Amino acid sequence: MEIVYLTFILMLAIFLGFELINKVPATLHTPLMSGANAISGITVVGAIASAGSGSGDAANILGAIAVALATINVVGGYWVTDRMLAMFKKKGS
Amino acid sequence: MTLDLALNMIYVVSAGLFIYGLKLLGSPATARRGNAISAVAMLIAIIVALLDQSVVDYRWIIGGVIIGTIIGGLAARLIAMTSMPEMVALFNGSGGTASLLVGWAALSTHNDTFSVVTIFLSILIGGVTCSGSLIAYLKLSEKMSGKPIIFSGQRIVNSILVLAILVCGVMLTIDPSNLNYLYAVIALSVLFGVMAVIPIGGADMPVVISLLNSYSGLAACAAGFAVNNNILIVAGSLVGASGMILTNIMCKAMNRSLVNVLFSGFGAVSTETTKVEGEIKPISVEDAFYILEAATNVVIVPGYGMAVAQAQHAVKELQLLLEKNDAEVNYGIHPVAGRMPGHMNVLLAEADVPYDQLIEMEEINPRMDSVDVAIVIGANDVVNPAAREVESSPIYGMPVINVDQARTVFVLKRSMASGFAGIENPLFYKDNTRMLFGDAKESISGLVREFG
């Protein structure tokens, strides 16, 4: 049953993603991409479990590297997106 | 059990915030807040992950977070806006690689068939994202030639590669304890990422970047299945879907199918030479100034050349002077101008150009006949009238900005070398076109000085 339930979530999330992004104006394509890119750093959540297992084995070390890489993605992605969006201004403002 | 339930409920909150944040990212007025909300969602998800009972040792995690924060933070702060495409490519790559490692690490604790299949997927997609992004980075930063790398038998090699990956994947599923299959899958996936991106030319990079962006999400999603984590599945598939949409928009803007972009190098088709009638008419900065001074409606069409010359601030200065001279100034932005979706918009935003003056292609084209002067800065293929007129042209059918319908067209160009795709551009030979040769930034600054 677990598989069915996870696949359900997957399907709904994909449809939701399509609906959310479809109307984004071209002006925002780059920030949208880098913002979405930062979200893909969510894999850090999966990495934390392996990195914190305390087992000291290979999986532990792989997890730690994954945490570092995913954090680059998260911190860099959100920050650079914010930097870009701060520059977008309407006429007269 | 109750703690577990509570933590999972908080994941639901985090997913909701991700969705709300993405929704706000859809409008320029709310986008910054949307990004911040999405960051909060990420923070919540990370805290929940840290509170999980299976996490007993924080040393490795803290080490990883510190290293990642320093590298990511420095990169985000120091990067120039013109280098944004390669930065996004690198961030994509690191996310993809992380998903690969998560899958790899999960193999030691999850070895039922379903888990192994999803682990295989996260390694495959993660590996392709990792090396593909790296190649995209090298091409974008011009550390490697942007020309498509094509050799005979490429498709056969790639087909064999895909087959080998699948075989190793099946073997891994049958016997997850044999790590040789795992290593083979990792190595082949990484190799496949390289093979997939080298035949794609620099002008097609907006498609590749959005596709890799989508992959990095899908890799996280597969990793989510592997470690049984809902938030990874939800957030990963949101990113996967958004990347797919952008990829689709980019393909439409080039009138090409995704398959065509991925499997046929642009350079291969353009070997035939079309004879273009007419002659090139160069213009001096001084003469260009006289025409601009009399113009009341000016459209600026920027391309990758503006990014290379870092000319955006000079362009803004010229815009202000023209406006002071009572001319209406707009920018015509082609969806694939530059090296990533929306590249020009970011550069012009950096130069303080308000976003309501950036007009999309479909909107600017009908107004083109009332434009006195169209200034093309470092754009080539996206303003090529051959896309409408020459049926044998490789870009025939691609929607372009019809600058040739303006009364006068200035084309700012370094030399007469053809554009990235190597396609002849009849625009340069039209009666109403004047070529302003030289570095784009120098030429624009020259015009600014004439006004001053």
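The values are calculated or read from the model by the stated rules, or taken from the named source; none is laboratory data. All of these numbers come straight from a predicted model, not from anything done at the bench. So basically every Cβ, Gly included, is an ideal-geometry build from the backbone, and we count neighbours across all protein chains shown. With ligands, DNA and RNA removed, areas are computed over all heavy atoms of the protein, side chains included. Shrake-Rupley method; radii C 1.70, N 1.55, O 1.52, S 1.80 Å.
So what's the range B:285-451 giving for Cα Rg divided by 2.2 N^0.38 Å, two decimals? Could the numbers behind the result be given before it?
Working: Rg = 14.4 Å, N = 167, 2.2 N^0.38 = 15.4 Å.
This ratio for the range B:285-451 stands at 0.94.
For chain B, which longest stretch is free of loop sites, where a loop site is one of the GluC sites (Glu not before Pro) that DSSP puts outside H, G, I, E and B and that has at most 11 other Cβ atoms within 10 Å? Spell out each step's value before the answer.
Numbers: sites that count: B:E142, B:E272, B:E277, B:E279, B:E391.
Counting at most 11 other Cβ atoms within 10 Å as exposed, the longest clean stretch of chain B is B:1-141.
Over all directions, average the projected area of the Cα convex hull of the range B:327-408 and note it in nm².
5.7 nm²
Regarding the range B:357-452, what's the average projected area of the Cα-atom convex hull, expressed in nm²?
Average of the hull's projected areas for the range B:357-452 equals 6.7 nm².
Which value, in Å², gives the accessible area per residue of the range B:314-452 when a 1.4 Å probe is used on the protein heavy atoms?
In whole numbers, the range B:314-452 has 35 Å² accessible per residue.
Working from the pairwise distances between different alpha carbons, so that the mean of 1/r is found and then inverted, what is the protein assembly as shown's Kirkwood radius in Å?
The Cα-based Kirkwood calculation yields 24.2 Å.
Viscosity 1.306 mPa s, temperature 10 °C: give me the Stokes-Einstein translational D for the range B:86-175 in µm²/s, with Rh taken as the Kirkwood radius over C-alpha pairs. Before the final figure, lay out each step's value.
On the way: Rh = 14.6 Å.
The Stokes-Einstein estimate is 109 µm²/s.
Under 13 Å Cα-Cα from B:K139, which aspartates and glutamates qualify once same-chain neighbours fewer than 8 residues away are excluded?
Excluding near neighbours in sequence, the set is B:E86, B:D204.
Looking at chain B, which longest stretch skips every one of the trypsin sites (Lys or Arg not before Pro) that is in a DSSP loop with at most 11 other Cβ atoms within 10 Å, leaving the sites themselves out? Each step should come with its number before you reach the end.
Values: sites that count: B:K143, B:K275.
With trypsin sites (Lys or Arg not before Pro) excluded where exposed in loops, chain B gives B:276-452 as its longest stretch.
For chain A, which span is the longest to avoid every loop-located (per DSSP) member of trypsin sites (Lys or Arg not before Pro) having at most 10 other Cβ atoms inside 10 Å?
Here the longest run is A:24-90.
Just by accessible area at a 1.4 angstrom probe, what is the order of B:S159, A:S50 from largest to smallest?
B:S159, A:S50
Might you work out the accessible area of B:V239 for me, using a 1.4 Å probe with all protein chains in place, and round it to the nearest 10 Å²?
Answer for B:V239: close to 0 Å² accessible.
Extent of chain B along each principal axis, from alpha carbon coordinates, in Å, largest to smallest?
Per principal axis, max minus min of the Cα coordinates gives 77, 49, 33 Å.
What base-10 log of the normalised intensity I(q)/I(0) is obtained for the range B:1-78 from the Debye formula, alpha carbons as equal point scatterers, at q = 0.13, 0.17, 0.22, 0.25 Å⁻¹?
At q = 0.13, 0.17, 0.22, 0.25 Å⁻¹ the computed log10 ratios are -0.54, -0.83, -1.03, -1.08.
Evaluated at 4 °C with a viscosity of 1.567 mPa s, what Stokes-Einstein diffusion coefficient in µm²/s does the range B:82-269 have when Rh comes from the Kirkwood expression over alpha-carbon pairs?
Approximately 78 µm²/s, per Stokes-Einstein.
Checking a compactness column here: for the range A:30-90, what do you get for Rg(Cα) / (2.2 N^0.38 Å), N being the number of residues?
1.41
Do you know the relative contact order of chain B, to the nearest whole percent, from alpha carbon pairs under 8 angstrom that are 6+ apart?
14 percent
Per residue, how much accessible surface does the range B:1-78 expose to a 1.4 Å probe? Answer in Å², no decimals.
Solvent-accessible surface per residue comes out at 55 Å².
What accessible surface, in Å², does a 1.4 Å probe find on B:D352, ignoring ligands, DNA and RNA and rounding to the nearest 10?
Taking all protein chains as shown, B:D352 has close to 80 Å².
In whole Å, how far is the Cα centre of the range B:192-240 from that of the range B:114-172?
12 Å
Could you compute how much accessible area chains A and B hide from each other, both sides summed, with a 1.4 Å probe? Nearest 100 Å² is fine.
7600 Å²
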